[in-house]
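Okay, so here's the structure we're looking at.
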Amino acid sequence: MKRLVLARRETTTRGGQPLAFLVGLVFALVVGAILLRITGDPVLDVYERMWDRSLGSQNTWSDTFNRAVPLALAGLAVSIAATMGLWNIGAEGQIMFGAIAATFVGRLLPDAPGLVLIVAMLLAAALGGALWSFGPAVARSEIGVSEIITTLMLTEVASRLIVYLEQGPWKDPDGFGFPGVTPRPDQAELGTLWERTHIGVLIALAVIIGFAWYLRRSVWGYELRIAGSSEKAAAFAGISVRRKVLGVLLVSGAVAGFAGGIELLTTTTGKLNVQISNGYGFAGIIVAALALMRPSGVAAVALAFGALQVGGQAIQTNPGVSPAVATILQGLVLFGAIGAAVFSTYRLRLVDRQVAES
Amino acid sequence: MILGVTFTEAGVIGLLVAAVQFGTLLYLAALGETISEKAGVLNLGLEGMMATGAAMGFIVGVETGSPWLGLLGGAVAGAIVSLIHAAAAVGLGADQVVSGLALTFLGLGFADFIGDGYTDDARRARFADVEIPGLDDIPWVGEVIFRHSPVTYLAVIIGVAAWFVLNRTAIGLGLRAVGETASTADAAGHSVVRLRFAAVATGGALAGASGAYLTTYLVGSWSQNLTAGRGWIAVALVIFGAWRVGRVAIGALLFGLTLALKSRLTLFDIEISGQFVDMLPFLLTIAVLVVISFRARNRPSPAPAAIGIAYRREER
Amino acid sequence: MTVPAVELDGIWKRFPGVIANSGANLTVRPGTVHAVLGENGAGKTTLVNCLAGVYRPDEGAVRLGGREMSFSSPANAITAGIGMVHQEFRLVPTFTVAENVVLGAAPRVIDQGGIEALVADLAARFGFDADPGRPVWQLSMGERQRVEILKALWREANVLILDEPTAVLTPQEAVELGEVLRRMVAEGRSVIFISHKLDEVVSFCDEATVLRSGATVAASLPVAEVDASELAKLMVGDVAVEPVPVAVAMPGDPTLTVDALSVRDARGLLAVDDVSLEVRSGEIVGIAGVAGNGQRALTDAIAGLEPVESGTITVMQHDVTSAPPQRRFRAGLAYVPEDRLGVGLAPKLPVTENAMMRAYRKLRRGPIIAWDDADQLTDQIIREFEVKIGSKGAPLASLSGGNLQRLLLGRELTGEPDILVASQPTRGLDVAGVRAIQRLIVQQRDNGTGVLMVSEDLDELLALADRILVMVEGRIVGEFDPRVATRADIGAAMMGGSDRGTRPDTEEVSS
């Protein structure tokens, strides 16, 4: 009798991951089509509309690019922590607190010149993100508290903090009594490159390239890789794992917080609210996982996810078609890719079933 | 008036009743997550499974006119989506954190997708409160404990059953062993894959039932974002309860109290923002986690040791 | 004659690149404690794993009570009445003793008090002293071993296999274990006792089977009628090995001095107990001993990976007792650890990043690493030490064992160290790899480097070392001159025998 088993390949297939991602994407679209089919929606029309609204024209490219910015920065934050095998699940909360910190600076310097204010607010956002990951970082490096849970918990705390600020101390006096934070000063808005594509795209690209380069080339990046390899190997090389844990989680938080700053400086309302992070922190984890935690890959996957999200919003305008399809697709891409990736490290093999005698 | 806070008897009883109601919601989901984590599988997709259960619970409930079938439908839907996580994380050895988060997306999206036509549906399939004869007349206690939806009593029964299975049966022993050191359980003849699949599916069913409880009792209708982050509170609750069925129940009542208190602050003239009350479960959980980690220096942590670790038997 | 309880007949088991068993036989009579003797790597564990269902033999028959069996998993073997206590215990630390004992063979509904009473009864029957309600993490290694034995007894194992059971026991616990085993065989069960410690075999066992290089060299010898030195000779054999050419040593000044060093292991026991030794330039000092006698703790402590309890370590006149590893490296100490992939190298990282692990602090320009220099360094190591790699950017794990070791050795030697500490440097390598590494080590010595070399392969030490120290239970128990000493002499000392060495003129060593 034979049975199927998964056998580990001697070497992983080259180019396996981009291929797995594409397989995941196709898988998601096929399952999505089946779902649409069941509800009797015109599959091709819906997908065509998604394409048109995300990648169909220069105009819509802008939305996709803009959407990819927070996804890519959150994915970068996650992948930086992953260099050492750590999980920053709380990028979502760090994005929020980054935006809070940026808003704070905006309130502090309402009359500063635009460029000064933009720089100050973005720096504050990065610092805020680092601050929000400081607790989990210290708890992990000093006591060994799982950073997975602490960062996740602080995300929920951050969202409540924003609502509190909206209702209380930062409530807009001109808001007709409705909760809502006073908008940021008008001059603190990132300009556009073309159409609606804002400068944040360029900044994010620079940050990603910078980190990709720095992590590859620097002493710090090298030490992170050794420390993440094994505690014993780190000791052999004379590297303090504790300090690396602290540093890498702070930097990861700063990058996520920075994304919050960019979002605040580019929202049309100019207001801090709980929707500022919009699930980017969580989606960023999936983006980073699909990119195998490589910063270079993060940018590409973020772009695809940006298109998926922007296209998904467009479905809403189709009467009777649920926009939720786009949310489902995002989850399905990952599961499809997980399934596909298995075959780049394993292959199916027929083996003899061993019959026992007893 | 004490310390500027106004208590009325009706107000306090109302608060405690609501605490039990919210506690039921949190307990069902957290109990399921406890079982899953006891087998070594972290499932961060709780929010997604709850949402799916909520939508399916409403649909089955109003279409059949039976809240019981709604509850069952929610549980089945929760179990089915949880199997996607089991397939990825247990079957294929994918990272549990990533797979669980993807399940959150999938579940939330799927709930909105199937519930799309049911938003603002005026139909109802709602559980009525059941008064336990003889006990519901006890002053205070009767009102707070013995006048609830059947789901609350069911949650108590399921909790006791779960405790019994986990701690007093061979299957429970095997399941806990799988969550501590999978290779040891495997060597002893327990199937790691089978037990983990079963635990994840049970967790999914309970999360789905918890979601259905929202649409068949607590809220009564379906709308987008109905779960509103309660899945994350349930994730916290498992840690707060140190992975123990009984402690998770106590934690559920405590966290339920914070949810109930939030909407009653003005009633009691408490002058702090409800947002801070809302933060409490998460901050308390962090505090508990820090204490656990401190203590873990000279004794094993109560967290199942194999959480997050995929198991594959070595091929010889 | 009675039917044997166990018969392993002509067992062959091959692994990629290694033949672990080549036609090994083992016959165990019911009601006896049967020793399986042999050096490390003789194939003892593989052979009994074929009986315990862990491996399937490539060829040969497994018979229990005369019936031929074929096990597809350990669970099968357990059902057939085989119990095995592995060297690595398979216990759930947070479970109680009773829960661990019944795991996998528990009544459907468990009454906590009931199973604790049953387990207590079972323990009492075999003379164990065990508290069934205690969590396992609180137990000593000896107590944990008893839990493992109880597990087998709970499943009514008819044949109990113990793999190096005394390695984790204190001498007193070992004596107690012997008594438990006698009770078990008194009930008609059989025990297979794997060991390489002769004194235990002589005191516990009825019969002994000796393995060498995967094959049985002596089967079912009645222990009472055989001389211990005879067994030792059978184990180590008399093979003459073609030696790597070694010139006469010209020892110079001391490079490494270890004085009264003691190191505690994770359990708080003394892994290294008052060890003093000296390595001079231009000599190879070998440390012989059975695995697990403190060699790893000794070399790790010298390299700075393990904290020192007491004593001092001096490298080239610098006291480095509490210095971090990289300071010791700069002082002239190079280290090739036993666990190459876990300690000395990072398997997932590229070749270059592994090659620069010692030197990267010197390769930096500000915060950035000078990668051209790193590549040059890597090229230099690859060239000088003839490391065969695919590409410098490929993960290290893609290298073969021999090339890994060349890279590691090459990296450690690039700083032109004064003292090289190498732990099991040739273990697991193929013949060509072994020769190459041995030649490199000898070459270092000839260039004036001092070498401290730990090996479980006595032939290797006899061929290379200028002096051999024997380590038993954390102590140096004897010193031998390889030009005069025989394998039997050193083997006896390794087994805890009384021979103190062939050099009475050296320092007194404690027993």
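The values are calculated or read from the model by the stated rules, or taken from the named source; none is laboratory data. All of these numbers come straight from a predicted model, not from anything done at the bench. Here Cβ is always computed from backbone atoms with ideal geometry, including for glycine, and neighbour counts include all displayed protein chains. Side chains are part of the model used for accessible areas, which takes the heavy atoms of the whole protein and leaves out ligands, DNA and RNA. Shrake-Rupley method; radii C 1.70, N 1.55, O 1.52, S 1.80 Å.
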ask   = Quick one: would you say C:Thr45 is of a type outside the set (Phe, Trp, Tyr) and either in a loop (DSSP other than H, G, I, E, B) or closer than 21 Å to C:Leu458 by Cα (or both)?
value = yes
key: Tally, over region B:149-173, of residues that are buried (at least 23 other Cβ atoms within 10 Å of the Cβ) and either more than 22 Å from the chain's Cα centre (by Cα) or within 14 Å of chain C (Cβ to nearest Cβ) (or both)   = 1
task = Just name the residue that is farthest from the chain's Cα centre (by Cα) out of those in region A:272-297 that are over 17 Å from B:Leu101 (Cα atoms) and assigned to a helix (DSSP H, G or I).
result = A:Val274
inquiry  = Can you tell me which condition C:Val119 does not meet? The list is (1) surrounded by fewer than 23 Cβ atoms within 10 Å (Cβ to Cβ); (2) farther than 24 Å from B:Ser191 by Cβ; (3) in contact with a helix residue (DSSP H, G or I) (Cβ under 6 Å, 6 or more places away or on another chain), and all the others hold.
reply    = (1)
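Residue-by-condition table, conditions (1) of a type outside the set (Gly, Ala, Ser); (2) not in a helix (DSSP H, G or I):
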| site | (1), (2) |
| --- | --- |
| A:Leu131 | yes, no |
| A:Ala137 | no, no |
| A:Arg140 | yes, no |
| A:Val145 | yes, yes |
| A:Thr151 | yes, no |
| A:Leu154 | yes, no |
| A:Val157 | yes, no |
| A:Tyr164 | yes, no |
inquiry  = As an exercise: evaluate C:Asn76 against (1) at pLDDT 90 or above; (2) within 14 Å of chain A (Cβ to nearest Cβ); (3) not in a strand (DSSP E or B) and give the number of the one condition it does not meet.
reply    = (1)
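Can you tell me which residue within region C:34-48, out of those that are in contact with a helix residue (DSSP H, G or I) (Cβ under 9 Å, 6 or more places away or on another chain) and modelled with pLDDT of 90 or more, is nearest to the other protein chains (Cβ to nearest Cβ)?
Of the residues in region C:34-48, the ones in contact with a helix residue (DSSP H, G or I) (Cβ under 9 Å, 6 or more places away or on another chain) are C:35-39, C:42.
The next check asks that each one be modelled with pLDDT of 90 or more; those that pass are C:35-36.
Numbers: C:Ala35: 25, C:Val36: 20 Å.
Looking at residues that are in contact with a helix residue (DSSP H, G or I) (Cβ under 9 Å, 6 or more places away or on another chain) and modelled with pLDDT of 90 or more, I get C:Val36.
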request  = May I ask you to list the residues in region C:377-401 that are surrounded by 13 or more Cβ atoms within 10 Å (Cβ to Cβ) and in a helix (DSSP H, G or I)?
outcome  = C:Leu377, C:Thr378, C:Asp379, C:Gln380, C:Ile381, C:Ile382, C:Glu384, C:Leu396, C:Ala397, C:Ser398, C:Gly401
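Condition check ((1) free of Cβ contacts under 8 Å to residues at least 60 places away in the same chain; (2) of a type in the set (Val, Ile, Thr); (3) open to solvent by less than 10 Å² (accessible area, probe 1.4 Å)) across all residues:
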site	(1), (2), (3)
B:Met50	no, no, yes
B:Gly57	no, no, yes
B:Val81	no, yes, no
B:Gly91	no, no, no
B:Ala125	no, no, yes
B:Ala128	yes, no, no
ask   = Taking the stated definitions as given, is C:Gly142 of a type outside the set (Asp, Glu), modelled with pLDDT of 90 or more and surrounded by fewer than 19 Cβ atoms within 10 Å (Cβ to Cβ)?
value = no
inquiry  = Going by what's in this entry, would C:Gly83 be described as surrounded by fewer than 23 Cβ atoms within 10 Å (Cβ to Cβ) and either among the acidic types (Asp, Glu) or in the same structural domain as C:Phe204 (by TED's automatic domain parsing) (or both)?
reply    = no
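If only one of A:Gln313, A:Gln309 is within 21 Å of the chain's Cα centre (by Cα), modelled with pLDDT under 85 and not aliphatic (A, V, I, L, M), which one is it?
On the way: A:Gln309 fails: modelled with pLDDT under 85.
Result: A:Gln313 is the single residue among A:Gln313, A:Gln309 that is within 21 Å of the chain's Cα centre (by Cα), modelled with pLDDT under 85 and not aliphatic (A, V, I, L, M).
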task = Would you be able to say whether some residue in region B:296-312 is of a type in the set (Gly, Ala, Ser), closer than 30 Å to B:Phe58 by Cβ and open to solvent by less than 50 Å² (accessible area, probe 1.4 Å)?
result = no
key: Matching residues, region B:255-272, being free of Cβ contacts under 8 Å to residues at least 60 places away in the same chain and either in a helix (DSSP H, G or I) or buried (at least 16 other Cβ atoms within 10 Å of the Cβ) (or both)   = B:Thr258, B:Lys262, B:Leu265
request  = Out of the residues in region B:273-295 that are at the interface with chain A (Cβ under 7 Å from one of its Cβ atoms) and over 23 Å from the mean Cα position of the chain (by Cα), state the one that is surrounded by the fewest Cβ atoms within 10 Å (Cβ to Cβ).
outcome  = B:Phe294
inquiry  = Being in a helix (DSSP H, G or I), within 29 Å of B:Asp121 (Cα to Cα) and at pLDDT below 95: is that true of B:Phe105 here?
reply    = yes
request  = Could you please find all residues in region C:324-376 being facing another protein chain (nearest Cβ under 7 Å), in contact with a Leu (Cβ under 6 Å, 6 or more places away or on another chain) and over 17 Å from C:Lys392 (Cβ atoms)?
outcome  = C:Gly344
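Within region A:109-157, take every residue that is β-branched (Val, Ile, Thr) and more than 9 Å from chain B (Cβ to nearest Cβ) and give me the one that is farthest from B:Gly274 (Cα to Cα). So that I can check it myself, show each step before the final result.
Filtering region A:109-157 down to residues β-branched (Val, Ile, Thr) leaves A:116, A:118-119, A:138, A:143, A:145, A:148-151, A:155, A:157.
Filter once more, keeping what is more than 9 Å from chain B (Cβ to nearest Cβ): A:116, A:118-119, A:138, A:151.
Numbers: A:Val116: 36, A:Ile118: 33, A:Val119: 34, A:Val138: 29, A:Thr151: 22 Å.
Among those that are β-branched (Val, Ile, Thr) and more than 9 Å from chain B (Cβ to nearest Cβ), it is A:Val116.
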ask   = Looking only at region C:185-200, which residues are at pLDDT 90 or above and open to solvent by less than 20 Å² (accessible area, probe 1.4 Å)?
value = C:Val185, C:Ser190, C:Val191, C:Ile192, C:Phe193, C:Ile194
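Listed here are the residues, each with its yes/no results for (1) open to solvent by less than 30 Å² (accessible area, probe 1.4 Å); (2) under 19 Å from the mean Cα position of the chain (by Cα); (3) closer than 18 Å to A:Ala304 by Cα.
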position	(1), (2), (3)
A:Val26	no, no, yes
A:Leu29	no, no, yes
A:Ile38	no, no, no
A:Pro42	no, no, no
A:Tyr47	no, no, yes
A:Arg53	no, no, yes
A:Ala68	yes, yes, yes
task = Of all residues in region C:299-317, count the ones that are touching a strand residue (DSSP E or B) at 6+ places or on another chain (Cβ under 7 Å) and assigned to a loop (DSSP other than H, G, I, E, B).
result = 4
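Hey, among the residues in region A:35-87 that are of a type in the set (Gly, Ala, Ser) and under 30 Å from A:Arg243 (Cα atoms), which one's modelled with the lowest pLDDT? If you could, list the steps in order and put the result at the bottom.
Going through region A:35-87, the residues of a type in the set (Gly, Ala, Ser) turn out to be A:40, A:54, A:56-57, A:62, A:68, A:72, A:74-75, A:77, A:79, A:81-82, A:85.
Restricting the remaining residues to those that are under 30 Å from A:Arg243 (Cα atoms) gives A:72, A:74-75, A:77, A:79, A:81-82, A:85.
Numbers: A:Ala72: 97, A:Ala74: 97, A:Gly75: 97, A:Ala77: 97, A:Ser79: 95, A:Ala81: 96, A:Ala82: 93, A:Gly85: 90.
Among residues in region A:35-87 that are of a type in the set (Gly, Ala, Ser) and under 30 Å from A:Arg243 (Cα atoms), the one modelled with the lowest pLDDT is A:Gly85.
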